[in-house]
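Notes follow the structure.
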Amino acid sequence: MSRIARQHSAHLPPKTRATNFKEVVCGYTETEAVAEAGRCIQCKEPLCITGCPVRINIKGFIHLITKKDYKGAYETVTEANLFPSICGRVCPQERQCEAACVLGKKREPVSIGLLERFVGDTARQSGRHQTHEIVSTGTRAAVVGSGPAGLACAYDLAKAGVSVIVYEALHMPGGVLTYGIPEFRLPKEIVRSEIDNLKRLGVVIKTNSVIGRLHTIEDLMGRLSFDVVFIGTGAGYPSTLNVSGASLNGVMSANEFLTRVNLMHGNDFPRYATPVGAGKNIAVIGCGNTAIDSARTALRLSPDNVYIVYRRTLEESPARKEEIRHAMEEGVQFLFRTETKEIIADNEGWVIGMNCRSKDEAAAPDFLLNVDTVIYALGTMANPLIARTTPGLKTDKAGYIETEDLMTSIPGVFAGGDITRTKGTFTTVIHAMSTGRRAAAGMLKYLESRRQT
Amino acid sequence: MLALKCRVNVIIVTAMFEIIRVENFSPSTFLWEVIAPEIAQAARPGQFVIVRSDERSERIPLTIADFNTDEGTITLVIQAAGKSTDQMRAYRVGDSILDIVGPLGEPSEIENFGTVIVVGGGLGVAPVYPILRALKLHGCNTISIIGFRTKSLVFWEGRFRDYSDETIIVTDDGSYGQMGLVTQPLKEILAARHVDRVIAVGPLVMMRAAAETTRPFGVRTIVSINAIMVDGTGMCGSCRVNLAGEIKFACIDGPDMDGHLVNFDELIIRQRRFVKYEKQSIEMCKNRCQE
Ligand SMILES: Cc1cc2nc3c(=O)[nH]c(=O)nc-3n(C[C@H](O)[C@H](O)[C@H](O)COP(=O)(O)OP(=O)(O)OC[C@H]3O[C@@H](n4cnc5c(N)ncnc54)[C@H](O)[C@@H]3O)c2cc1C
Ligand SMILES: Cc1cc2nc3c(=O)[nH]c(=O)nc-3n(C[C@H](O)[C@H](O)[C@H](O)COP(=O)(O)OP(=O)(O)OC[C@H]3O[C@@H](n4cnc5c(N)ncnc54)[C@H](O)[C@@H]3O)c2cc1C
Ligand code: SF4
Ligand code: SF4
Ligand code: FES
């Protein structure tokens, strides 16, 4: 077994990075990447691959890195995953591919995510991208939502010669990649450049287009004569905070906070006109990925204190451990096993504190946390808009779209990503992409079958 | 102005929205007619759009005050209330708006309700007009009460008269029409005869007063919630409204809501969320926003 230690990528030092939005993890240099790739023992039965939702030929692309054949490595990765620079950064690898790597049994697993990122970044820097011969089929597809599910679906449809229009509600494409995940984890330049790859395939993205309002799904299939439709609208509807004081000034959802910063550049207010509305002492309720992203973003607006208030323990947090560690290093203060009882305000309705109850025997049970801003990250739900405006579209009780092989109850209308949900899977970028691609395959089959009849 | 709008990216189709008519109603209130054929086609009374004038602008919700399917245009009536709406005053015919998204929100309920009073105050006068017109075309008996601060601010009187069986104009200072607030004639009419529905659009305090006026009469009262918004698609929760204890989002469940159920006090407080930042923005922009 290989004896060199797992290569660690350089990180910006916590003190510096807590004051800016630059990417925290610098990524491998070529030397580091080749050394890390050399740690892979090229298993006969590579378990890593079973851990990857899109079954990237991990063993294969890593081997090509050891040969310094980065072009070949890029081609190998992109057979299964169209956006290596994105997934290499945001996949919860420790739960997926890296959790399955045999090296992990005794020592540290191969750093598959960072290698994948290296392959994607190297390709981008050398202006390399996939090339495809596209033979038009004369069919048309509408993709609703430009998050990872919609983008992946559009990609595969376009490659197969379908003419694709993506409708996006916001003024920028990318979904959570654009408005949710912060710049210091996923630079927007990367999202933009991966979306530019779609341009080469002739995909058209229409921003400012809220389907259900501007056009209904019925319009798309009827008046606008698309042959197939894919719904990838995500599940971005924020759950409400059910404590007294939730409507006070200074209380906002993580989605609102992140959108004000990521999409509207509120951190650059007033050069950009949208204020963020965060104060000097900020509490984030919750401890999932969104909460951690919010806390770390909040920290970068240079307040005095940022707290994570979480009713369970560190171990129970669904967030990536690496991100929690980053947050701690940067100075986010964690209050575990702490429940929010109520938010209190001055007589003009501005938050001045949060009454909390600690379940820790050692701590004082009840205390007042002095904060002027409360950001709640309690998960999101299905947005009801499409279901409400699409008669005949079957959803479950909570409003998620029901599918069979990713086709909805309406023939020719498919769905994927967070708006559909599969028991036992996490809502991740790679899962959204994989459903987008599988839906694309189903759509092509559907188009084929229709042509024959 | 166009120099800022440099996001030229072939695949991303954001049709720029050209202004073809500007009309000034007063120093602070003005009208834009904008080319937006798809929105005009889909728009229904009571719906709104969100406008982002240029790369650095806020997303500003504005009611669709009129739409013309033949010409492919929508009309917005804007009151300069703060920094962003103030900057919009600088736009001229031929200038273009970077982003307009819409129509958004649930359309207003339109049917022959019987006798309907339509109340518009301040910046609510224009938005209530398409609702009035639709109600009249559906056979309602319509009474409109529109309120302005003073005579020089009065606009669209003719349009309201065209679709109202009775039109009452009130001004705060009595310089035109009746003197006082819109709630006075509203109360008088409710006391005098049967009314089936009231629709009130304007500042929150005015809508709250209208709802309180109609409550004792038990007349269903619809208000249009102008909560602070960001995305307008149900994603951020900024526009949340407490409707008799239940949280609703004005951008997708509204903007029309039952005025007797809305918790206006909470909304009025939340309306001031950004006041201190707005001041800061105006101050700082005196010096450096031209960069
Ligand atoms: C803050 C945050 C951090 C996260 N971090 C990670 C991470 O590190 N790793 C990871 O794997 N996952 C992460 N996730 C989860 C991941 O981002 C999602 O699972 C994934 O983005 C879902 O993709 P999607 O395409 O289904 O939807 P989304 O990314 O939500 O995109 C949906 C798009 O559809 C648009 N849309 C919605 N309704 C309409 C409509 N009616 N008409 C037109 N367009 C519409 C939306 O504007 C949006 O652009 C994170 C999520 C959040 C919120
Ligand atoms: C559904 C809806 C329809 C509207 N229709 C019209 C209309 O037809 N004509 C019109 O002149 N105005 C309308 N408004 C209000 C308009 O959006 C605000 O006046 C505008 O956003 C103020 O921006 P500003 O920067 O100029 O002012 P600011 O200085 O930011 O604020 C001035 C006032 O507007 C409120 N406001 C600020 N931002 C928003 C926001 N994003 N959404 C709502 N209110 C905000 C503030 O609380 C403050 O009271 C509507 C609002 C909503 C929600
Ligand atoms: S896509 Fe994600 S899970 Fe698959 S190999 Fe890459 S990092 Fe691992
Ligand atoms: S399981 Fe680990 S060591 Fe084996 S092939 Fe995959 S990455 Fe290499
Ligand atoms: S404006 Fe964001 S949810 Fe309504």
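Each value in this text was obtained by applying a stated rule to the coordinates, not by laboratory testing. All of these numbers come straight from a predicted model, not from anything done at the bench. A quick note on method: Cβ atoms are made from the backbone with ideal geometry, for glycine too, and the neighbour counts reach across all protein chains shown.
Structure values in brief
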{"quantity": "Candidates B:Ile225, B:Ile50, B:Ile252: whichever shows maximal mean-square fluctuation once chain B is modelled as a Gaussian network with Cα springs under 10 Å", "calculated": "B:Ile252"}
{"quantity": "Fraction of alpha-carbon pairs over 22 Å apart in the stretch B:2-104 - percent", "calculated": "24"}
{"quantity": "Surrounding net charge for A:Asn249, when Lys and Arg each add one and Asp and Glu each subtract one, Cβ distance under 11 Å", "calculated": "0"}
{"quantity": "Spin-label zone in the stretch A:103-120 - amide nitrogen under 17 Å from a point set 7 Å from the Cα of A:Lys67 along the C-beta vector", "calculated": "A:119"}
{"quantity": "Taking chain B and dividing mean pair separation by its residue count, relative contact order in percent (alpha carbons under 8 Å, at least six apart)", "calculated": "15"}
{"quantity": "DSSP-defined antiparallel bridges as percent of all bridges, the protein assembly as shown, nearest 5", "calculated": "45"}
{"quantity": "Chymotrypsin sites (Phe, Trp or Tyr not before Pro) restricted to DSSP loop in the stretch A:362-453 with at most 15 other C-beta within 10 Å", "calculated": "A:Phe426"}
{"quantity": "Whole-number Å³ per residue for the convex hull built on Cα positions in chain A", "calculated": "165"}
{"quantity": "In degrees, nearest ten, helix B:125-137 long axis to first principal axis of chain B (Cα)", "calculated": "60"}
{"quantity": "Mean Cα-pair separation over length for the stretch A:238-380, i.e. relative contact order, pairs under 8 Å, 6 or more apart, %", "calculated": "32"}
{"quantity": "Principal axis box of the stretch A:10-125, alpha-carbon based, largest edge first, Å", "calculated": "46, 32, 25"}
{"quantity": "Net charge contributed by nearby residues that have their C-beta within less than 14 Å of B:Thr75 (K/R +1, D/E -1)", "calculated": "-3"}
{"quantity": "Computed lengthening from B:Ile269 to B:Ile20, 0.36 nm per intervening residue step minus Cα-Cα distance", "calculated": "85.9 nm"}
{"quantity": "Among B:Ile268, B:Met88, A:Ser358 - extreme Cα towards positive end, dipole of the protein assembly as shown, charges at beta-carbon", "calculated": "A:Ser358"}
{"quantity": "Percentage of interatomic Cα-Cα distances in the stretch B:79-144 larger than 21 Å", "calculated": "45"}
{"quantity": "Ellipsoid equivalent to the stretch B:115-271 - semi-axes via the Cα gyration tensor, in Å", "calculated": "26, 17, 15"}
{"quantity": "Two-decimal Rg/Rh across the stretch A:123-187, once Rg and the Kirkwood Rh are taken from alpha-carbon atoms", "calculated": "1.04"}
{"quantity": "Residue of B:Thr171, B:Thr142, B:Thr150 that the Gaussian network model of chain B assigns the largest fluctuation, springs spanning Cα pairs under 10 Å", "calculated": "B:Thr150"}
{"quantity": "Computed FRET value (nearest 0.05) for B:Ser175 with A:Ile352, which takes r as the C-beta separation and R₀ as 41 Å", "calculated": "0.40"}
{"quantity": "Charge dipole magnitude, Cβ of K and R +1, D and E -1 - chain A, Cα centre, debye nearest 20", "calculated": "980"}
{"quantity": "Debye log10 I(q)/I(0) for the stretch A:371-453, one point scatterer per Cα, at q = 0.18 Å⁻¹", "calculated": "-0.82"}
{"quantity": "25 °C / 0.890 mPa s Stokes-Einstein diffusion coefficient of the stretch B:135-219, Kirkwood radius on C-alpha pairs, µm²/s", "calculated": "183"}
{"quantity": "At most 13 other Cβ within 10 Å, DSSP loop - GluC sites (Glu not before Pro), the stretch B:48-89", "calculated": "B:Glu71"}
{"quantity": "Reference-scaled alpha-carbon Rg (2.2 N^0.38 Å with N residues) for the stretch A:238-380", "calculated": "0.99"}
{"quantity": "Inter-site label distance for A:Lys105 and A:Lys280 at 7 Å from Cα along Cβ, in nm", "calculated": "5.7"}
{"quantity": "Theoretical ellipticity at 222 nm over chain A - DSSP helices of four or more residues, -39500 (n - 2.57) apiece, nearest 500", "calculated": "-10000 deg cm²/dmol"}
{"quantity": "Acute angle (nearest 10 degrees) that the helix B:183-192 long axis makes with the longest principal axis of chain B, alpha-carbon atoms", "calculated": "30"}
{"quantity": "Selected from B:Arg193, B:Arg215, B:Arg21 as most flexible by GNM, with chain B as the system and alpha-carbon contacts under 10 Å", "calculated": "B:Arg193"}
{"quantity": "Beta bridges by DSSP in chain B, antiparallel share as percent, to the nearest 5", "calculated": "60"}
{"quantity": "Under-25-angstrom lysine pairs by C-alpha in the stretch A:10-125, whenever the two are 8 or more apart or on separate chains", "calculated": "11"}
{"quantity": "Environment charge of B:His138, counting only residues whose C-beta is closer than 13 Å and scoring Lys/Arg +1, Asp/Glu -1", "calculated": "+1"}
{"quantity": "C-alpha long axis of helix B:204-214 to longest principal axis of chain B, angle in °", "calculated": "20"}
